[in-house]
Amino acid sequence: MSRPTLVRLIVIVAILVVWESVRELNLIGPLLLASPSEIGAAFAKSWPQFLTAFQITLVEIVAALAIALVLGVSVGLIAGSTVFMSMVSGPLLVSLFAVPLVTWYPLFMVWFGIGGASKIAYGVVSGFFPVAINTMNGIRNFDQQYVMYGRAIGCSPLQIVARILFPLALPSIIAGLRIGVALVIIGVIVAEMLGSLRGIGYLITSYRNLYEIGSVYLGILLSVLCALLANLGLSALERHFTRWREMQMTQ
Amino acid sequence: MYFVASQSMLKARVIITQIAVIVAILAAWESAVDAHWIAADILPPPSTVMVTLGGLLRSMDFLANAGDTLVRVLAAFAIGAPLALLVGFIMGENITIGKSFSPIFNLVLAVPQSIFLPIFALVFGLGFTEKLMFGITHVFFVVAVSTMAAVHQVSHAHVIAARSFGATRLRIWLSIYLPAMAPHVITGLRVGMIFNIIGILLAEMYASQSGLGMLLLRWSESYEVNQLMAATIFISVVTILINEAMRLWEAGVGRWQSARMAE
Amino acid sequence: MTKPTVIETRKVTKTYNVNAAPVPALVDISFAAEENSFVSLVGPSGCGKSTLLQILAGLIPSSSGEVLVDGMPVRKPMPDKIAVVFQDATLLPWKTVIQNIEFPLEVQKVPPRERRECARAMLSLVGLSDFAERYPHELSGGMRQRVSIARGLAQNPRIILMDEPFGALDEQTRLKMGNELLHIWSRTNKTIFLITHSLTEALFLSDTVLVMSQRPGRIVDVIKTALPRPRTYDMIGSREFGEARNRIWELIGGDEPTAAERVGL
């Protein structure tokens, strides 16, 4: 085991120990902080509820991701297809991305109800921008000669987009997906916290109302882990696809 | 290969196209509702939105709530930003501290902080403090990390050169550190402000007696679509304006950067 | 015995409209190249060489005048007749070498087995058979350009247009690649139209050198290189070579006043 990893491991263990003892010694009250053991107890007690809730939330997340991916890539490919298009769409997309999307959720609740649809809609909007912007940039950041070559050998516009631009943009698309996936996961769960009858977010909120602190922390911990794992997984995917590109750029 | 008379011609074409796109969308929206393709009580047309917004901006209730939100946003920024600048600077200058703590900061930034709201509600209750603290953390981490990166941007060679000329610490700070760091720090501040706004509004939506977020949720529950739409668009537009203003500042400060990068 | 003309341009002109004022890029380009010939185009930077190549390839339209390939007007890309090789090989980085060569055939809907056979043949022609399953990033610049040429040959075109194909290579590789190209050319007997800013390269490789002026580009001279084939390096040092070089140099560089002249010295 390398030195930095060892240090980090020690730090993590130390944090856990301090965390546990802070609660043991009641330095921070039970209504504010849950110790690792309390979180463990909550898990042992409530894991069936969490599992059921997670299944519901997972469906919403996957649906939102899929739609965000399709929409984002399509818009990104079109927005990046010519220099002029990207000069027009780029700033528009980036400016829109600054909008606090959470403020649109109440509107979504009016339009789509309090069920899964509004969560999916919110998830889609959350994940859309990073994917679209990254796709667009992915196409922009290479030589226009690829498009010229495609035309010279007789590719139709659709073929150019699908067989040349899309593979070229793929590493960037995955990067955008990596950024977007955390936004979608947390977005969906937060939306559930704001108004929902089911799902992890709803579970977290109801446990908070019941002052079951251990379960609240557990729910948040699970959500964070979910986002981090997704991020890690996509990072690995991104590295896999970026290999040929990095090499190419350095030549 | 493209022949363009000048950069400004191209820029003008771009801006005109962008405006045209926005106008086209608004026009399509207006006529879609006009032609009853979309019900006005689900998606109010731009004309109704403008009228409603006008009314809201004259209503004391709305202004009071907007004021509350503004106070929270500014307070959180006023506390969080300087603190983060200081911490970020220390982390940038001191390698040990930087290496020890930056992984934690980066980990926090890897996950949208919205998820931690229930914890803030538990620890701080549901009042002003909770929202303030929530906003502060939103500002803090991103500004600290940006500032740390900004410090790393400062050219060591320049600092050494300046010292060899006998420049005082203050001088070095003003003429080398500040210009090199400024663009990155401002970027951090800009993103921090955006995160801050998101955080405060979310906290207000979650549980609050006052504020724009609270209004949004209230109108959503009572199906007052006109007000909801007007307020949502208002918030979006204001945030975009803040973002663009800070971006202009960022760009202005960073103008010399590209020349420097070419070294 | 006159060979058939493969490509011909008649008074091709390209004018761009900028701010409602016309900016001429190419003026009255007329030339013809016959089968199996090697034609080069030299000119100073910015004179419109690449624009001309794009017009020849059918990628952009001319403002007036015609381009004819095998007697047929070129209005859009004609991949079965015209192949293009760019300065940066522009190989698709996610495809292997052999897949890259097959790609233009795929687009033309050539069946898989034929594609594979043709691609293998072209690859061996450029001497890179061992590298079929490698990826572009694993090859050197010169090798990538060879794959790009193989890719162009796979289209079985009448003419191959090359836009400064060796521009990105170092001097030594450039000379070697030039020789390689002549070797490939002699074995395939295609017509080659090569754009370059290197006078040496143009004179060494071609039968005919078209000399283009500064912008707006027009053809100011056509030089027939009388050197025998196969060409060898020592020809570069010969007197005729030097004279031809100087002549071209004056034609394209001579007009430009030096800094001293401009000041009035």
- Query: For the stretch A:32-137, which helices (runs of 4 or more DSSP H) that fit wholly inside it have 1 or more residues that are modelled with pLDDT of 90 or more, farther than 30 Å from residue B:188 by Cα and of a type in the set (Gly, Ala, Ser)?
  - Reply: A:36-79
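Every residue, every condition in (1) within 13 Å of chain A (Cβ to nearest Cβ); (2) crowded, with 21+ Cβ neighbours inside 10 Å, yes or no:
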site: C:95; (1), (2): yes, no
site: C:127; (1), (2): no, no
site: C:149; (1), (2): no, yes
site: C:158; (1), (2): no, no
- Pairs returned, first residue in the stretch B:1-15 that is surrounded by 12 or more Cβ atoms within 10 Å (Cβ to Cβ), second residue that is at pLDDT below 85 and not in a helix (DSSP H, G or I), beta-carbon separation under 6 angstrom, 6 or more apart or interchain, are B:3/C:16; B:3/C:18; B:3/C:23; B:5/C:18; B:5/C:19; B:10/B:4
- Task: Considering (1) closer than 30 Å to residue C:3 by Cα; (2) more than 19 Å from the chain's Cα centre (by Cα); (3) within 9 Å of chain A (Cβ to nearest Cβ); (4) buried (at least 21 other Cβ atoms within 10 Å of the Cβ), say which one residue C:103 fails and leave the rest.
- Result: (1)
- Out of curiosity, is residue A:91 in contact with a Leu (Cβ under 8 Å, 6 or more places away or on another chain) and of a type outside the set (A, V, I, L, M, F, W, C)? no
- Message: What pairs come out if I take residues in the stretch C:77-106 that are at positive phi and pair them with residues that are acidic (Asp, Glu) whose C-beta lies under 7 Å away, six or more apart or interchain?
- Response: C:90/A:143
- Message: Six or more apart or on different chains, Cβ atoms under 7 Å: show the pairs whose first residue is in the stretch A:132-152 and without any contact (Cβ under 8 Å) to a residue 60 or more places away in the chain and whose second is of a type in the set (Asp, Glu) and outside any helix (DSSP H, G or I).
- Response: A:143/C:88; A:145/C:88
- Query: For the stretch A:70-92, what are the residues that are within 11 Å of chain B (Cβ to nearest Cβ), within 26 Å of the chain's Cα centre (by Cα) and either touching a residue at least 40 places away in the same chain (Cβ under 8 Å) or within 12 Å of residue A:139 (Cβ to Cβ) (or both)?
  - Reply: A:86, A:89, A:90
- If we take the stretch C:1-65, then strands (runs of 3 or more DSSP E) inside it with 1 or more residues that are facing another protein chain (nearest Cβ under 10 Å) are C:5-18, C:21-34
- Note on the structure: Within the stretch B:191-242, residues aliphatic (A, V, I, L, M), buried (at least 24 other Cβ atoms within 10 Å of the Cβ) and more than 7 Å from chain A (Cβ to nearest Cβ) come out as B:193, B:200, B:203, B:212, B:215, B:230, B:231
- Message: Could you check the stretch B:23-44 and list, in sequence order, the residues that are under 26 Å from the mean Cα position of the chain (by Cα) and either among the charged types (D, E, K, R) or surrounded by 11 or more Cβ atoms within 10 Å (Cβ to Cβ) (or both)?
- Response: B:25, B:26
- Message: I'm trying to understand the selection: among the residues of the stretch A:140-151, which are part of a helix (DSSP H, G or I) and within 14 Å of another protein chain (Cβ to nearest Cβ)?
- Response: A:145, A:146, A:147, A:148, A:149, A:150, A:151
- Item | residue A:181 vs. criteria crowded, with 23+ Cβ neighbours inside 10 Å, in contact with a helix residue (DSSP H, G or I) (Cβ under 7 Å, 6 or more places away or on another chain) and either closer than 29 Å to residue A:16 by Cα or among the polar types (S, T, N, Q) (or both) | yes
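The values are calculated or read from the model by the stated rules, or taken from the named source; none is laboratory data. Values in this document were obtained by computation on a predicted structure and should not be read as measured data. All Cβ positions, glycine included, derive from the backbone under ideal geometry; neighbour counts span all protein chains shown.
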